[in-house]
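A.B. asks: If you scroll down you'll find the structure; I have some questions about it.
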Amino acid sequence: MFMNRIISWLAAMRPATVQAHCDTAEGPAVTDARKALETGNVHYALKWVPAAGEAEVRDVFDKALKVRVLGPEAAEVADRLFLETLVRVHRMAEGVGFTGIQPTGAQIDPLVQAADEAIAQESDADLLPMVAPDRRTELHRRFQAALALKDFDVDDLAAARRYVGGYVSFFKYAEGEEHEHHERSGHAPTEHHSHAHAH
């Protein structure tokens, strides 16, 4: 009975409101959130949210850890709540709405997949030919900037958030969002997007 009340309470807290790479079940934010739950170290997930959203994520994480021990159903709901809270706070910091986490196998833009593989393999050789020639120099610069920040101590949130900032700047440009803004506004692209501060 008690467990049923806990499950109902957690389910009611789930955001009613899936778009973008970071909203997918296989995306980096959700992957890190699961790692946080598995290890009990919330720092794996906190790098994806700004300092202003840290308290909320920590609170839900602590509650999720307590509820997970009540059984498989409780653990499933608690984990889902934490994953959605992390991605929601992350998206809100970017000024983007959150509509849920896309299921495993969701269609991902080939360009996004290539950018992910570039980071994983530490080579953008396959990615660069996929973008317009006039964008390759800047994309390569952002790729190198992200790689330079890739090695960090998981408990060093400042360093972790700097990496996420570089990662998001790279991804935003790869996806063409900042380039399109530049074309429309006439302003040079900036690196204001950040998984840490504002994907």
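A.B. asks: So which of TYR163, TYR173 ends up being modelled with pLDDT of 95 or more and buried (at least 18 other Cβ atoms within 10 Å of the Cβ)?
C.D. replies: The conditions single out TYR163.
A.B. asks: For PRO103, all conditions in the list (1) over 29 Å from ASP153 (Cα atoms); (2) at pLDDT 90 or above; (3) not aromatic (Phe, Trp, Tyr) hold save one; what is the number of the exception?
C.D. replies: Unmet condition: (2).
A.B. asks: Identify all residues within segment 52-100 that are more than 19 Å from the chain's Cα centre (by Cα) and part of a loop (DSSP other than H, G, I, E, B); write none if there are none.
C.D. replies: Scanning segment 52-100 gives VAL69, LEU70, GLY71.
A.B. asks: Here's a follow-up. Any residue at all in segment 151-160 that is touching a Ser or Thr at 6+ places or on another chain (Cβ under 7 Å) and in a helix (DSSP H, G or I)?
C.D. replies: no
A.B. asks: Here's something else I'd like to know. So, in segment 176-191, how many residues would count as being within 18 Å of ALA148 (Cβ to Cβ) and modelled with pLDDT of 50 or more?
C.D. replies: Qualifying residue count for the region: 0.
A.B. asks: Looking only at segment 29-83, which residues are touching a Phe, Trp or Tyr at 6+ places or on another chain (Cβ under 8 Å) and not hydrophobic (A, V, I, L, M, F, W, C)?
C.D. replies: ASP32, LYS35, LYS47
The values are calculated or read from the model by the stated rules, or taken from the named source; none is laboratory data. Bear in mind that the values here come from a model prediction, so they are computed numbers and not experimental data. FYI the Cβ positions are ideal-geometry reconstructions off the backbone, even for glycines, and counts take in every protein chain you see.
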